[in-house]
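Some notes on the structure that comes next.
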Amino acid sequence: MRKTSVIRKPDVMAFNIVGYIFITILMVLCLIPFILVISGSFTADEAIVKFGFSIIPKEFSVMAYKTLFKFPEQIIRAYGVSILVTACGAFGGIVIVSMAGFVLSRKDFKNRNKIAFFIYFTTLFSGGLIPWYILITKYLGLKDSLLVLIIPSMVGSFNILLVRNFMNSIPESLVESAKIDGAGDFYIYWKIILPLSKPVLATVGLFLGLGYWNDWFMASLFIKTEAKFPLQYLLYRTLQSAQFIKASPVAGMISTSDLPKESLKMATAVVATGPIILLYPFVQKYFVQGITIGAVKG
């Protein structure tokens, strides 16, 4: 007769204690870089150069933020552009990606595997930067337009395949039952598939939101009007200007002692990453489930 092992309560309690201690240590290790960034942004530049970064500022200073917000209307306008681009791009991307994933997950769609292969093929090969630039500027006419910050990054091959694989895990019997009751394809997509796909849609939305919020490269290529600069690109230009003035030959002719460089980098990171960090707790509960099921199920 086989003996069944019984886990005793002290063993469970000891395991939980060790697990909580381990997770707490990991959490502290993850928080230290953020604390160093925030502390560095409030530290005088000379103290950073002399003593390095520390958890508590050696010499408190807000000069980096004064430099960064010297023209507050620019920062506010750039925030508005970034919020608009991120919201429109993430929402539009979720709608298009979910529709594409739904179609490719349908068993009654004859050429779904062939189309999925073509989508996957684009993750391996691309036309290159120059043809892509010519397409956007000459043929689509999106140069110096906010649409150029939204449309090219809206749909990604990886996101389509992720959503498709997740929707493949939804039981086909639900779709068949809805069809028997007279439901059409759009009704099935809107009322049945989308509510069950919240984890993967939240994951895709987080990916898209992070991508749009952190993007400065598209603005550097296509945006020339300062009023259309997103936050990341404006901060990038501000940081580059400060570094240029510090390193330029005329630095000795003008007073640059109060112009921060190292602390300005930290303040830039705080201003740029602060809002997007607040978004993560709202999608955290869906993130792990969406990425694991969408990546494994086929």
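The values are calculated or read from the model by the stated rules, or taken from the named source; none is laboratory data. All of these numbers come straight from a predicted model, not from anything done at the bench. Note that we place each Cβ from the backbone using ideal geometry, even for glycine, and neighbour counts take in every protein chain shown.
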*region 217-242: number of residues that are more than 20 Å from K70 (Cβ to Cβ), of a type outside the set (A, V, I, L, M) and outside any helix (DSSP H, G or I)*: 2
*Out of the residues in region 120-139 that are touching a helix residue (DSSP H, G or I) at 6+ places or on another chain (Cβ under 8 Å) and modelled with pLDDT of 90 or more, which is nearest to W190 (Cα to Cα)?*
I136
*Search region 109-128 for residues that are touching a residue at least 12 places away in the same chain (Cβ under 8 Å) and pair each with any residue that is surrounded by 10 or more Cβ atoms within 10 Å (Cβ to Cβ) and among the aromatic types (F, W, Y) when their beta-carbon atoms are under 8 Å apart and the residues are at least 6 apart or on different chains.*
T123/F158
*asked:* Out of everything in region 39-52 that is surrounded by fewer than 17 Cβ atoms within 10 Å (Cβ to Cβ) and in a helix (DSSP H, G or I), what residue ends up being nearest to the chain's Cα centre (by Cα)?
replied: V49
*asked:* Would you confirm whether or not region 59-68 contains a residue that is assigned to a loop (DSSP other than H, G, I, E, B), free of Cβ contacts under 8 Å to residues at least 24 places away in the same chain and within 23 Å of I38 (Cα to Cα)?
replied: yes
_Residue, nearest to the chain's Cα centre (by Cα), within region 54-85, restricted to residues that are aromatic (F, W, Y) and modelled with pLDDT of 85 or more_ = Y79
*Kindly list, by first and then second residue, each pair from a residue in region 162-186 that is more than 13 Å from S98 (Cβ to Cβ) to a residue that is of a type in the set (F, W, Y), limited to pairs with Cβ atoms under 8 Å and residues at least 6 apart or on different chains.*
A178/Y187
*Does I55 qualify as being over 18 Å from Y236 (Cα atoms), in contact (Cβ under 8 Å) with a residue 12 or more places away in the chain, in a helix (DSSP H, G or I) and not polar (S, T, N, Q)?*
no
*asked:* Being touching a residue at least 24 places away in the same chain (Cβ under 8 Å) and either in contact with a strand residue (DSSP E or B) (Cβ under 7 Å, 6 or more places away or on another chain) or in a helix (DSSP H, G or I) (or both) is true for just one of G92, G19. Which residue is that?
replied: G92
*Please give the number of the condition R112 fails out of (1) loosely packed, with under 15 Cβ neighbours inside 10 Å; (2) at pLDDT below 90.*
(1)
